[in-house]
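Read through the structure below, which is laid out as structure tokens, and then see the notes.
Derivation of every value follows stated rules applied to the coordinates shown; laboratory data play no part. Here the structure is a predicted model, which means the values were calculated and not measured. Don't worry about glycine lacking a Cβ; one is built from the backbone with ideal geometry, like all the others, and counts go over all protein chains shown.
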């Protein structure tokens, strides 16, 4: 087994003090007034001798690991992969590394990821929570490690969160469909009690009531995360094979919209002539659809910046009272196109 290279090894190799090598490795050469030539030699020796810093020891000494733990629902979903990428970029600008994983909408897997991150001594968490994970988050809070929820939230649970105006922008989306002369509008959503989704259904209902259109429970369709493709297909076939004569659909997520469009195309339904559509969030797949779809645009860049800034503020002010939490709402916008 090869012995790991230490600071002392590099110092002996160059004939300098260990302290001098440490200054350069920690980017403090200006403070120590290390000459440019020596800085270059030390950094080259670090590469040549394959020096790997002991991050655990470093974090114990500084009290920080400069690491953020990110939990999302599904990293393969373009929405969450973009969030992860933006978080990674923003964190790197501030000197932090992000480790991330998917909960797959499963509370047990979420707990496993949190345990791994705690063992890695992360400085803070950014979590897009799944159902039944409130106690997991409460347990992290008790450790003193800050947590910021992103995109999703628990209305009656005290924690920092950053989300969009789901209810209001969903109401605007359905207003748009009604403005196009549609009055038999369905919603396809997830079977969940998570507030970000139920808020979108509530916005749908608010728009119908505002326009004196009776809410028809048969037009509120739900699909499960676990059996999404089968459920979406069955729900869509029930809509169009029934007596509802649906003339508009509001899809609560872009994933639901993409799966729903497959059925719509297969049935030969014309958009927007026969059916007007608005999707919550965009998808690259929409660009290949013959009628450009209207959609709710979420400003992910702003959502991420707010979450990172809030988390870093908590990390850098550990002594600040944790009895008051911030709920930041980022405005989403409706983008109207041919559908």
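Helix 254-266 versus the longest principal axis of the chain: what is the Cα-based angle in degrees, 0 to 90, to the nearest 10?
Computed tilt is about 40 degrees.
Rank these for me by crowding, 278, 169, 174, 328, going from fewest to most other beta carbons within 10 Å.
Details: 278 28, 169 20, 174 25, 328 17.
Result, fewest neighbours first: 328, 169, 174, 278.
If contacts are Cα pairs under 8 angstrom and at least 6 residues apart, what is the relative contact order of the chain in percent?
Values: 537 pairs, mean separation 52.4, N = 339.
Relative contact order here is 15 percent.
Cut-off 10 angstrom, C-alpha nodes, Gaussian network model of the chain. Which of 80, 157, 250 fluctuates the most?
157
So how many Å³ per residue does the convex hull of the Cα atoms of segment 125-202 work out to? Numbers along the way, then the final one.
Details: hull volume 6.5 nm³, N = 78.
About 83 Å³ per residue, rounded to a whole number.
Measure nothing fancy, just the Cα-based angle from helix 36-48's long axis to the longest principal axis of the chain, in degrees from 0 to 90, nearest 10.
70
GNM, the chain, Cα, under 10 Å: largest mean-square fluctuation among 72, 39, 271?
Among 72, 39, 271, the largest mean-square fluctuation in the Gaussian network model of the chain belongs to 39.
Can you give the angle from 0 to 90° between the axis of helix 78-93 and the longest principal axis of the chain, with both taken from C-alpha atoms, to the nearest 10?
Rounded to the nearest ten degrees, it is 30.
Once segment 166-297 is represented by equal point scatterers at the alpha-carbon sites, with solvent omitted, what log10 I(q)/I(0) does the Debye formula produce at q = 0.11, 0.12, 0.14, 0.16 Å⁻¹?
Scattering profile of segment 166-297, log10 relative to I(0): -0.32, -0.39, -0.54, -0.72.
Along its principal axes, what span do the Cα atoms of the chain show, with the longest given first and each in whole Å?
86, 44, 36
What is the gain in length, in nm to one decimal, between residue 240 and residue 12 on full extension, counting 0.36 nm per residue of separation less the C-alpha to C-alpha distance?
On the way: separation 228, 0.36 × 228 = 82.08 nm, distance 7.80 nm.
Using 0.36 nm per residue and subtracting the Cα-Cα distance, I get 74.3 nm.
Given the DSSP H assignment, sum -39500 (n - 2.57) over each helix run of at least 4 residues in the chain and divide by its residue total; what's the result at 222 nm in deg cm²/dmol, nearest 500? Intermediate results must be reported in sequence, preceding the final value.
Working: 12 runs with 150 residues, N = 339.
My calculation for the chain gives -14000 deg cm²/dmol from helical runs alone.
Quick check: Cα centre of segment 175-198 to Cα centre of segment 10-46, how many Å?
Between the Cα centres of segment 175-198 and segment 10-46 lies a distance of 62 Å.
With springs only between Cα atoms under 10 Å apart, run a GNM on the chain and tell me which of 121, 317, 244 wobbles the most.
317
Hey, how much of the P(r) for segment 7-53 falls beyond 16 Å, as a percent of Cα pairs? Write out the running numbers ahead of the final one.
Working: 250 of 1081 pairs.
The answer is 23 percent, as a whole percent.
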